[in-house]
Amino acid sequence: MGRRLDADELPWQTTGLRLEIIALGNGAGDASGKVTGLVTTGEGVNVERIIEIDGVKHRLLPFAQLRKESVPAQFSEITVGKQVKIWFAGYDFGNEKFVTKVVLDS
């Protein structure tokens, strides 16, 4: 019979997993189209933003990522007529979908 080895005798075996991001890719998004409207109501922590893509309104969550290609963007950079891709949260409220990420095409 062979001899039993303990984990500390096999340093090449792992007890965990490491994830390393080597490149940023935006992906295809859940929807894309032209911005046909923007609405901002409230102020400060009570601000609410609605983005309309090809006539369909979606609410931006307060923590939504805004990007212009691979760099951060400001809400003011989103203008009517711009081509965007959007990502939705994993839940809806009635017919309303919530946006977690907007990427402006160049």
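The values are calculated or read from the model by the stated rules, or taken from the named source; none is laboratory data. None of the values given here were measured: they were computed from a predicted structure. Please note: Cβ atoms are built from the backbone with ideal geometry, for glycine as well, and neighbour counts cover all protein chains shown. Only protein heavy atoms, including side chains, enter the accessible area calculation; ligands, DNA and RNA are left aside. Shrake-Rupley method; radii C 1.70, N 1.55, O 1.52, S 1.80 Å.
State, to one decimal in nm, how far the label point of THR40 lies from the label point of ARG18, with both points 7 Å from Cα in the Cβ direction.
4.2 nm
Could you sort VAL80, VAL47 by their accessible area in this structure, using a 1.4 Å probe and putting the largest first?
Ranking VAL80, VAL47 by accessible area, largest first, yields VAL80, VAL47.
Quickly work out the GLN83-to-ASP30 label distance, labels modelled 7 Å from Cα along the C-beta direction, and quote it in nm with one decimal.
Going by the 7 Å Cα→Cβ label model, 2.3 nm.
Suppose each label sits 7 Å from its Cα in the direction of the beta carbon; what would the PHE75-ASP105 distance come out to in nanometres?
Reported label-point gap for PHE75 and ASP105 is 2.5 nm.
May I ask you to order 98-106, 68-76 by the average number of other C-beta atoms within 10 Å around their residues, highest value first?
98-106, 68-76
According to the square roots a ≥ b ≥ c of the eigenvalues of the Cα gyration tensor, what is the shape class of region 59-106, taking rounded for a/c under 1.5, prolate for a/b larger than b/c otherwise, and oblate for the remainder?
It is prolate, given that a/c is not under 1.5 and a/b is the larger ratio.
What is the P(r) of region 26-106, as percent of Cα-Cα pairs per 10 Å bin from 0?
With 10 Å bins starting at 0, P(r) equals 19, 58, 22, 1.
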